[in-house]
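S.K.: Before I ask anything, let me first share the structure, which is written out below as structure tokens.
The values are calculated or read from the model by the stated rules, or taken from the named source; none is laboratory data. The model shown is predicted, which means the values in this text are computed figures rather than measured ones. Cβ: placed from backbone, ideal geometry, glycine included. Neighbour counts: every protein chain shown. Calculation scope for accessible area: heavy atoms of the full protein, side chains included, ligands and nucleic acids excluded. Shrake-Rupley method; radii C 1.70, N 1.55, O 1.52, S 1.80 Å.
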Amino acid sequence: MATEFHPENVSLAQDGRAVRIIDQTLLPGRLRFIELSTPEECHDAIARLAVRGAPAIGVFAGFSLAVIAGNMLQGRRDGAFGEADLHALQDRADYLASSRPTAVNLSWALERMMGLARRCVGSRCGDVRAALLAEAHAIQQEDAAMCKSMAELGLGLIEDGWGLITHCNAGPLATSCYGTALGPILLGTERGMRFRVFADETRPLLQGARLTAYELDRAGVDVTLICDGMSSAVMRQGWVQACFVGADRVAANGDTANKIGTSNLAIVAKRYGVPFYVMCPSSTLDFSCKTGDDIPIELRRGEEIKQMFFSEPVAPEGVACYNPSFDVTDNDLITAIVTEKGICRPPFTESLAAVRDR
Ligand code: MRU
């Protein structure tokens with residue numbers, strides 16, 4: 001019997017003056033909640049992946065800006081929200097946006113919040129704070145609804161008893177509900193279906209081992225952890241009938257940025273004729289990027305490869321490291337991109353544009 005696992009990964013602290021998150025860097029060993037209220041704390045939480053996953057980063061950014069605005073305007077309940085306040089808030093939004101470059105949900109959510117703030121100039125500060133908080137809640141509720149729609153659509157692509165594979169973590173911890181890539185699996189499991197899921201460990205930060213295996217295990221799903229380089233061994237034996245991954249940004253032509261190693265998985269899937277599905281809410285589509293070449297890719301410290309998670313360094317001290325956090329999967333490797341508004345198939349330039357206009 002499936003155990004539902006829908007953690008409150010991002011919420012407002014009881015006093016409304018901080019954002020409360022699960023510190024995902026401590027999972028699966030410790031489930032600890034932390035509260036963040038300053039721009040620096042919120043920026044740091046995103047940068048060190050205490051909160052992570054494209055939709056969750058967007059939701060967190062919404063709450064962060066609402067909290068930061070509330071703290072900035074404290075004591076001025078009845079005063080007017082002026083141009084100087086708007087500029088000060090824009091500075092803080094730009095600072096938050098600089099925490100990680102690839103997931104478009106971050107800038108998307110901040111721009112949505114700032115659009116509201118611009119319309120609020122001249123209003124009472126107390127009302128502006130309430131409006132920003134309501135907008136952050138709306139972003140979160142919409143994300144949960146999008147996850148549910150995607151899960152239903154994705155479930156229509158798979159059958160009871162199938163073997164599935166996923167990369168990184170695109171589950172409840174990365175979103176506001178079922179997740180994106182894990183949505184069909186969790187929904188199907190709730191309805192009594194059985195799947196065997198292979199989770200790539202996802203070097204170097206191990207989101208697959210630490211988070212996906214944790215979430216699926218808690219939900220009663222049969223999950224088998226593998227190293228990233230093992231996917232071809234698993235697919236060659238016919239154990240996998242479909243791949244499901246999330247996305248951090250999808251370009252207009254369907255090229256998709258997701259956790260480093262996703263494109264390797266897609267290439268292997270193509271070799272063995274296994275369908276490769278990308279699951280993402282429409283807030284992850286970025287039509288200002290024509291192709292994947294336009295998507296900024298985050299580069300992180302080599303220490304994550306050489307040292308982190310090991311009791312001793314696993315490489316010579318001075319060795320050079322290349323540590324891109326994401327890669328781009330070319331659109332011709334993708335069978336379909338599932339959004340909450342529908343399933344997009346090639347040619348993606350047309351099918352994604354149709355979803356945008358729906
Ligand atoms: O570096 P992370 O852990 O934030 O990377 C997360 C991913 O790559 C996810 O697959 C993506 O954000 C989609 S989450 C629904």
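S.K.: Can you name the condition, by its number, that R203 falls short on among (1) away from the ligand (no atom under 13 Å from the Cβ); (2) open to solvent by 30 Å² or more (accessible area, probe 1.4 Å); (3) touching an Asp or Glu at 6+ places or on another chain (Cβ under 7 Å)?
M.R.: Condition (1) is where R203 drops out.
S.K.: Show the residue pairs that are 6+ apart or on different chains and have beta-carbon atoms under 6 Å apart, the first residue being within region 145-167 and hydrophobic (A, V, I, L, M, F, W, C), the second being open to solvent by 50 Å² or more (accessible area, probe 1.4 Å) and at pLDDT 95 or above.
M.R.: L153/I343; W162/Q241
S.K.: A further question on this structure: What is the one condition in (1) within 16 Å of the ligand (Cβ to nearest atom); (2) open to solvent by 10 Å² or more (accessible area, probe 1.4 Å); (3) of a type in the set (G, A, S); (4) closer than 20 Å to D332 by Cβ that A213 does not satisfy?
M.R.: Result: A213 fails condition (4) only.
S.K.: Something else about it: Quick one: how many residues across region 316-325 are within 12 Å of the ligand (Cβ to nearest atom) and touching a helix residue (DSSP H, G or I) at 6+ places or on another chain (Cβ under 8 Å)?
M.R.: 1
S.K.: Next question. With respect to A54, determine if the residue is free of Cβ contacts under 8 Å to residues at least 60 places away in the same chain and under 19 Å from the mean Cα position of the chain (by Cα).
M.R.: no
S.K.: Please go through region 186-197 and give me each residue that is of a type in the set (A, V, I, L, M) and more than 13 Å from the ligand (Cβ to nearest atom), ordered by number.
M.R.: L187, M193, V197
S.K.: With the condition kept exactly as written, say whether any residue in region 210-224 is within 20 Å of the chain's Cα centre (by Cα), of a type in the set (D, E, K, R) and in a strand (DSSP E or B).
M.R.: Checked against the condition, which is being within 20 Å of the chain's Cα centre (by Cα), of a type in the set (D, E, K, R) and in a strand (DSSP E or B), region 210-224 yields no hits at all.
S.K.: Looking at I46, I21 in this structure, which one is within 16 Å of the ligand (Cβ to nearest atom) and either of a type in the set (G, A, S) or in contact with a strand residue (DSSP E or B) (Cβ under 8 Å, 6 or more places away or on another chain) (or both)?
M.R.: I21
S.K.: Go through (1) near the ligand (Cβ under 10 Å from one of its atoms); (2) part of a helix (DSSP H, G or I); (3) open to solvent by 10 Å² or more (accessible area, probe 1.4 Å) for L173 and report which single condition fails.
M.R.: (3)
S.K.: Residue under question is D248, and the condition is that it be within 10 Å of the ligand (Cβ to nearest atom), within 19 Å of D330 (Cβ to Cβ) and touching a helix residue (DSSP H, G or I) at 6+ places or on another chain (Cβ under 6 Å); does it hold?
M.R.: yes
S.K.: Could you go through region 72-86 and let me know if any residue there is out of contact with any Ser or Thr (no Cβ under 7 Å at 6 or more places or on another chain), more than 22 Å from D248 (Cα to Cα) and crowded, with 20+ Cβ neighbours inside 10 Å.
M.R.: Looking through region 72-86, at least one residue is out of contact with any Ser or Thr (no Cβ under 7 Å at 6 or more places or on another chain), more than 22 Å from D248 (Cα to Cα) and crowded, with 20+ Cβ neighbours inside 10 Å.
S.K.: Going through M114, M150, M146 one at a time, which residue ends up being open to solvent by less than 20 Å² (accessible area, probe 1.4 Å), in a helix (DSSP H, G or I) and within 16 Å of the ligand (Cβ to nearest atom)?
M.R.: M150
S.K.: Please go through region 210-266 and pick out each residue that is touching a residue at least 12 places away in the same chain (Cβ under 8 Å) and among the acidic types (D, E).
M.R.: Across region 210-266, the qualifying residues are E215, D222, D228, D248, D255.
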